[in-house]
1. Looking at the range 81-99, which of its residues are out of contact with any Cys (no Cβ under 9 Å at 6 or more places or on another chain) and surrounded by fewer than 16 Cβ atoms within 10 Å (Cβ to Cβ)?
2. Starting from the range 31-42, take each residue that is within 16 Å of residue 75 (Cα to Cα) and list its partners that are among the aliphatic types (A, V, I, L, M) and not in a loop (DSSP other than H, G, I, E, B), counting only C-beta distances under 8 angstrom and pairs at least six apart or across chains.
3. How many residues, within the range 93-111, are within 11 Å of residue 43 (Cβ to Cβ) and of a type in the set (A, V, I, L, M)?
4. Could you list, in sequence order, the residues of the range 67-80 that are modelled with pLDDT of 90 or more and out of contact with any strand residue (DSSP E or B) (no Cβ under 9 Å at 6 or more places or on another chain)?
5. Say whether the condition of being farther than 27 Å from residue 121 by Cβ, touching a Phe, Trp or Tyr at 6+ places or on another chain (Cβ under 7 Å), among the polar types (S, T, N, Q) and modelled with pLDDT of 95 or more is met by at least one residue in the range 21-39.
6. Would you confirm, using the coordinates I've provided, whether residue 72 is without any contact (Cβ under 8 Å) to a residue 40 or more places away in the chain and either farther than 23 Å from residue 130 by Cα or in contact with a Cys (Cβ under 8 Å, 6 or more places away or on another chain) (or both)?
7. Does any residue of the range 103-113 turn out to be over 21 Å from residue 5 (Cα atoms) and at pLDDT 90 or above?
Amino acid sequence: MTTRYSGGCACGAVRYAARGEPVFQNHCQCVDCQKRSGTGHGSYLSFAGRTHVEITGEASKWRITADSGNDKLHAFCPTCGTPVYLTIVAMPDVIAIHAASLDDPAAFAPQAITYGARGHGWDAVDPTLPVFERMPG
C-alpha cells in the first residue's frame, strides 16, 4: 500500500502505511522523548483510527509511564533498534508514528510543541509553533 504516510525502521524489517490524515502532529519535549531520542524532543504524527494503520513485520515493545501518568507502549525494530511508533494504553485506538521514520519526512507538518515545560534552551524548535506546558486537553 502506498500512502502519503508510509515508512518504517532503518533496516526495513518493520513497515507501516497509514490511511487518512493524522489528528495531531507535534514535537514532544517530555523527558521520556528526550531520553529515547537522545536529543531534546521527539516528533510524531498521531492517527485516531488504529485500524487505519497497517503494520508489517514484528516490532518489539517496552512499556513506560509517561509524564501524564498514562502508560505508553513504545515499538521499535528488534533488528536495528529504530523507534517506529507508540501507543497509549488508555487510548488504544490512537497510534503515533515517529516523523523521522516516514519515507517522506517532509510530509510531517508540526502543529504544536507539547511538554514545553520540560524543554531545554539548546533544543531550538520552530518558535512560531504554539507551546503547551503539558499535553493539551
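1. 89, 90, 91, 92, 93 - these are the residues of the range 81-99 that are out of contact with any Cys (no Cβ under 9 Å at 6 or more places or on another chain) and surrounded by fewer than 16 Cβ atoms within 10 Å (Cβ to Cβ).
2. 32/64
3. The total comes to 6.
4. 79, 80
5. Looking for residues that are farther than 27 Å from residue 121 by Cβ, touching a Phe, Trp or Tyr at 6+ places or on another chain (Cβ under 7 Å), among the polar types (S, T, N, Q) and modelled with pLDDT of 95 or more, one finds none in the range 21-39, hence no.
6. no
7. Looking through the range 103-113, none of the residues is over 21 Å from residue 5 (Cα atoms) and at pLDDT 90 or above.
To keep it simple, each residue is scored yes or no on (1) surrounded by 15 or more Cβ atoms within 10 Å (Cβ to Cβ); (2) within 15 Å of the chain's Cα centre (by Cα).
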{"position": "29", "(1), (2)": "yes, yes"}
{"position": "38", "(1), (2)": "no, yes"}
{"position": "56", "(1), (2)": "no, no"}
{"position": "72", "(1), (2)": "yes, yes"}
{"position": "130", "(1), (2)": "no, no"}
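The values are calculated or read from the model by the stated rules, or taken from the named source; none is laboratory data. In this text, all values refer to a predicted model and were calculated from it rather than measured experimentally. Positions of Cβ are backbone-derived with ideal geometry, glycine not excepted, and every protein chain shown enters the neighbour counts.
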